[in-house]
Structures are given as C-alpha cells and as structure tokens.
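Just so it is clear, none of the values below were taken in a lab; they were calculated from the coordinates. Everything quoted here is computed from the prediction, not taken from an experiment. Backbone-built Cβ (ideal geometry, glycine too); neighbour counts: all protein chains shown.
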Amino acid sequence: MKKPLSPDHNLTDDIQGLSLGVFLCGLGMHVLTSVGLITGQTAGLAVIIAYLSGYSFSLVFFAINLPFYFIAYKRLGIEFTIKSLISVTLLSVVTTLLPLGFTIEKLDPALGAVIFGSLVGLGLLAMFRHNGSLGGLGVIALLVQDTTGFKAGWVQLITDAVIFAVALFLFPASVVIYSLLGAVVLNLIITFNHRRDRYIAA
C-alpha cells in the first residue's frame, strides 16, 4: 500500500504552496470577469445579495465571510483560519493587480469558463494541500467531507446549483449557463483530486 505524503510542511513549503494557489485562483477569477461571467460559492452568493440589497460587493463579501471564519476557527483550528484570512487578502491584491498587466481582448465564454474552473480548481487543491482555503462555503464543504466522508466537491457543486438557480432570475440565461459550466469543472477537479488522507494525518 502506498504511504500517504507527509503532512509536515515547513514555512517555506506553505508560502510557496499557498502563493501558487492564490495566484492560480486570481488568474482564474481574472479570466472569469474578463468574459463577463459570475461564480458560485461565497463570491456568487455575495453577488446576488449585493444585487438585491444595493450594498457593495466588497462589503457583502467581507460580512458574509465572518461567520465562516468563526466556524473555521472552532472546527478546523487557528492555523487553517489564519492561512485562509491571509489567502483571501492576497487574492484581493492579485485580482486588483492582474488587469494592470494582463488584459484579455477575445475569449469565447465557454472556453473562458473551462479555463476559470481548471485554474481555480487547481489553485484550491494547492491551498487545501497546505491547510488553507478561500474561506466561505469552502470551509463548510471541507467540514462535511472530514466529518461525513461526503466529497467536498459534491457539497460545493450542490451549493453552486442552488446559487445559479437563483441567479437565473437575476442575470441572462447565457451568463448563468456558461458560469455553471465553470463551476462544474472546478468542483469536479476538487471531487476527483482532493483527499485529505493522501497528505494529512488522520
């Protein structure tokens, strides 16, 4: 039987792993916004709430993440929570800076959705590998997987299905359909590749 990879990461390991994960997620988000699509999970929920309430996305996104960080601290530990907070902050910086040096003039929405899902899926895997996340509903997905064995990717996919169903009443159908394609790609990557027992001690 193949032995799981060591869960012992030093600071350098975590910095490079989380940095790579944040960069890939930021790149994926830049692709997504460049083709005018939306996303699922906490960011997608924040978009819908901001649309309905009139509050800014940044304010809603910050507020909606607070209870998830509390849950993360209570159930997944201080290390996971701090890494997630740092990662979310860095993602904000990356998504702000990327358009200054990288613009996309032409990209088919379907292809953009697949690129988004692939990049963010790989980015999240890198972050999970180093005991981090982008907070929000991803924390709940990890908790469900760790406590019940039900795959985190399936939890996120079900959540996204609900969010996109609501989005159908707020955005053009084509935007929602292409966005859902990206969410499916992202969550299937996590479903088939994320297993804590491969690299985190039970």
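Details
- Pairs of alpha carbons in the chain whose separation is greater than 21 Å (percent): 51
- The chain: most fluctuating residue of L52, L76, L157 per GNM, C-alpha cutoff 10 Å: L52
- Among S53, S84, sorting on how many other beta-carbon atoms sit within 10 Å of each Cβ, with the fewest leading, yields S53, S84.
- Selected from A126, A173, A183 as most flexible by GNM, with the chain as the system and alpha-carbon contacts under 10 Å: A173
- Most fluctuating residue given options F192, F169, F23, as computed from a GNM of the chain linking Cα atoms under 10 Å: F169
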